[in-house]
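The values are calculated or read from the model by the stated rules, or taken from the named source; none is laboratory data. Since we're looking at a predicted model, the values are computed, not measured. Don't worry about glycine lacking a Cβ; one is built from the backbone with ideal geometry, like all the others, and counts go over all protein chains shown.
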């Protein structure tokens, strides 16, 4: 199995593709699945699904993402990306290899399964949330899927360690953009202007104070930080405009609404005080990954070595869309490298792929 999984991973690593445009990747996956006793189809025109019909009334699903990142690979290896400016820098090549290995295991256990099995190879996890497209296709209702599982390779856990949490695991992520419109004057006549830069500075400070209240009153794991700011043209003129970019990460709709309501209150107060127009916009983002507690408890019985993380993580994952459609459990599988996700040097020991197949196999519904 290690030899096969390594081959799958390296073959896929050589052909990274982005977003929904994955012709070589999907063709490769289909070529492997073609040898197995399953129905291979695309529910929405971009994904690849493998459905093992065991003649049972219910189905259990497993998900792998397929897309890569627009990153130039810095590691020189014999399986380096052949697509310039594109790289599997987030482990999706490993996720696909694990899912293909699982498909081979399911093929051999088909007569012993108490549920049908659906394996979903999903596009656009890194960009537009391809998971939502899968859900909207109706495939889970059509196949009567009652649970879905997913993995992410995780550099900060020791190699082969599997960990997760019941309930909130990963954050809802929303990009927050704030635009300020003032009036420019020479600083010698600043009283005639409306200082957009001063309004920005006050907004950032008050937003940080609001975050402290949010963490103490509603969601202790949440965060709001601003990482980019632009304003003004020259040093001796009041800034007529400003632009602020940040990210809000929370684990509940209550926390999200609390943050947005208070940001608008802050904006209104500063706007009246400084005569500066302030407009707040937000991206739709991904919902939080909230693990089904019953699935987690069942997984603990099947996988005694499953560890609980000390707290939820502030990264986002579109696996959350699946969990809005059916009960789901998302887990982290350690690579032990410490190399950050999205690094141009991302890599891992392929023995972890066998571990991934072993974990998934323990979650199969067997007689």
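What strands (runs of 3 or more DSSP E) completely inside the stretch 37-135 contain at least 3 residues that are in contact (Cβ under 8 Å) with a residue 40 or more places away in the chain?
Counting at least 3 such residues, we get 48-52, 59-65, 116-122.
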Out of (1) out of contact with any helix residue (DSSP H, G or I) (no Cβ under 8 Å at 6 or more places or on another chain); (2) assigned by TED's automatic domain parsing to the domain that holds residue 33; (3) surrounded by fewer than 24 Cβ atoms within 10 Å (Cβ to Cβ), the one residue 130 does not meet is (3)
Answer yes or no: is there a residue in the stretch 275-285 that is in contact with a strand residue (DSSP E or B) (Cβ under 6 Å, 6 or more places away or on another chain), modelled with pLDDT of 95 or more and buried (at least 18 other Cβ atoms within 10 Å of the Cβ). yes
Collect the residues in the stretch 12-36 that are surrounded by 17 or more Cβ atoms within 10 Å (Cβ to Cβ) and in a helix (DSSP H, G or I), keeping them in residue-number order. 12, 13, 25, 26, 28, 29, 32, 33
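In the set 242, 285, which member is at positive phi and in contact (Cβ under 8 Å) with a residue 24 or more places away in the chain? Before the answer, list the steps.
Values: 242 fails: at positive phi.
That would be 285, the only listed residue that is at positive phi and in contact (Cβ under 8 Å) with a residue 24 or more places away in the chain.
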